[in-house]
Amino acid sequence: MHPLLEKDHQQLIDLIDALDKCVLKGDSMHQVTKYLDAFVALAEDEFKNEERVMEVYKYPEIIDHKKEHVRMLEQLRSVHGKLSKGFTPFGKDYMQYLRNWLEAHLLDADNKLEKFLYQINADSNKTDK
């Protein structure tokens, strides 16, 4: 995986773990919102970084991958907006959805991207020799 993307992915996992603990412990909505803010900001940055890498390497599945990013950001922003207005729909169910989405995205879409990048690297090493 591209080193920048790998670092971003680990940070997303770390944040979702912290958010999950926060929800399970029943921390305040302020604390939940703080972690969700950080997760949304990091997801936006990570998606931009990932999309730049896909563009540079002309990833053939870029359109579908970007659509998945858009859908997830819309969901995150919706929940974030509700929390900031005092609604508290964020709980174990949404946490499970978020964790499932992240795991599925990393194991499916991002894994395909990783294999594509690995193959490009392998191919370029063959031509360099």
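The values are calculated or read from the model by the stated rules, or taken from the named source; none is laboratory data. Note that the coordinates shown come from a computational prediction; the quantities given were computed from them, not determined experimentally. Every residue, glycine among them, receives a Cβ derived from its backbone with ideal geometry; neighbour counts consider all protein chains shown.
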**Prompt:** How many residues are out of contact with any Lys or Arg (no Cβ under 9 Å at 6 or more places or on another chain), within 23 Å of Pro3 (Cβ to Cβ) and touching a residue at least 40 places away in the same chain (Cβ under 8 Å) if we restrict to the range 60-96?
**Reply:** 2
**Message:** Taking the condition of being part of a helix (DSSP H, G or I) and loosely packed, with under 13 Cβ neighbours inside 10 Å, how many residues in the range 53-67 meet it?
**Reply:** 5
**Test: Lys112 is out of contact with any helix residue (DSSP H, G or I) (no Cβ under 9 Å at 6 or more places or on another chain), of a type in the set (Lys, Arg) and outside any loop (DSSP other than H, G, I, E, B)** = no
**Asked** Which residues, counting only those in the range 68-91, are in a helix (DSSP H, G or I), hydrophobic (A, V, I, L, M, F, W, C) and farther than 19 Å from Lys21 by Cβ?
**Response** Val70, Met72, Leu73
**Asked** Quick one: what pairs do we get from the range 7-32, first residue more than 13 Å from Leu98 (Cα to Cα), second outside any helix (DSSP H, G or I) and among the aromatic types (Phe, Trp, Tyr), C-beta under 8 Å, 6+ apart or different chains?
**Response** Met29/Phe90; Val32/Phe90
**Message:** Taking the criterion of being in contact (Cβ under 8 Å) with a residue 24 or more places away in the chain, surrounded by fewer than 15 Cβ atoms within 10 Å (Cβ to Cβ) and farther than 22 Å from Pro3 by Cβ, would at least one residue in the range 111-125 satisfy it?
**Reply:** no
**Fill in**
Taking the range 8-30 and keeping only residues that are farther than 25 Å from Lys85 by Cβ and either small (Gly, Ala, Ser) or at pLDDT below 85 (or both), one is left with Asp8
**Item:** For Gln11: the one exception among (1) outside any helix (DSSP H, G or I); (2) in contact with a Leu (Cβ under 6 Å, 6 or more places away or on another chain)
**Value:** (1)
**Flag if Asp27 is outside any helix (DSSP H, G or I) and either of a type in the set (Ser, Thr, Tyr) or surrounded by 13 or more Cβ atoms within 10 Å (Cβ to Cβ) (or both)** = yes
